[in-house]
1. What pairs come out if I take residues in segment 12-24 that are surrounded by 13 or more Cβ atoms within 10 Å (Cβ to Cβ) and pair them with residues that are among the β-branched types (Val, Ile, Thr) and not in a loop (DSSP other than H, G, I, E, B) whose C-beta lies under 6 Å away, six or more apart or interchain?
2. Could you go through segment 83-98 and let me know if any residue there is within 26 Å of Glu22 (Cβ to Cβ), of a type in the set (Val, Ile, Thr) and part of a loop (DSSP other than H, G, I, E, B).
3. If His67 meets every condition in (1) assigned to a helix (DSSP H, G or I); (2) in contact (Cβ under 8 Å) with a residue 12 or more places away in the chain; (3) out of contact with any Ser or Thr (no Cβ under 6 Å at 6 or more places or on another chain) apart from one, which number is that one?
4. How many residues does segment 30-42 contain that are surrounded by 17 or more Cβ atoms within 10 Å (Cβ to Cβ) and either in a helix (DSSP H, G or I) or out of contact with any strand residue (DSSP E or B) (no Cβ under 6 Å at 6 or more places or on another chain) (or both)?
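What follows is calculated from the coordinates using simple rules that are stated; it is not laboratory data. Worth saying up front: this structure is predicted, and the values here are computed from it rather than measured. Here the Cβ positions follow ideal geometry from the backbone for every residue, glycine too, while neighbour counts run over all protein chains shown.
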Amino acid sequence: MNGFHKTTKWKRKRVKILRRDEYRCQESKRYGKTEPATTVHHIYPIELYPELALTDWNLLSLSARKHNAMHIRDSHELTELGKYWQERVKDKFEEWREKQIGRYSTED
């Protein structure tokens with residue numbers, strides 16, 4: 001766990017997301033199964049996109065088992081399942097990215 005995950009902002013956001021998802025694993029829910037969620041996953045990894053660390057659409061409630069299936073722990077590389085969830089929020093990511101590009105291009 002890095003320092004970010006110990007912050008009050010993250011702890012509050014984590015609870016908010018778990019409540020939003022009714023403490024249910026969203027990956028299991030896709031298959032009509034109920035599994036308790038104990039982890040909140042960053043769909044676009046915090047290591048690559050720290051600006052999205054507290055963005056609701058980038059956060060997903062998962063069971064520990066399903067969270068481990070999202071990325072390879074040693075490399076932080078996403079698995080196919082992790083990439084699937086990125087595809088699901090791709091429109092929101094692209095919208096965010098366009099705003100970032102627009103903000104930087106108007107600063108000149």
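1. Taking only residues 6 or more apart or on different chains, the pairs are Arg14/Val40; Ile17/Val40.
2. yes
3. (3)
4. Final tally of qualifying residues: 2.
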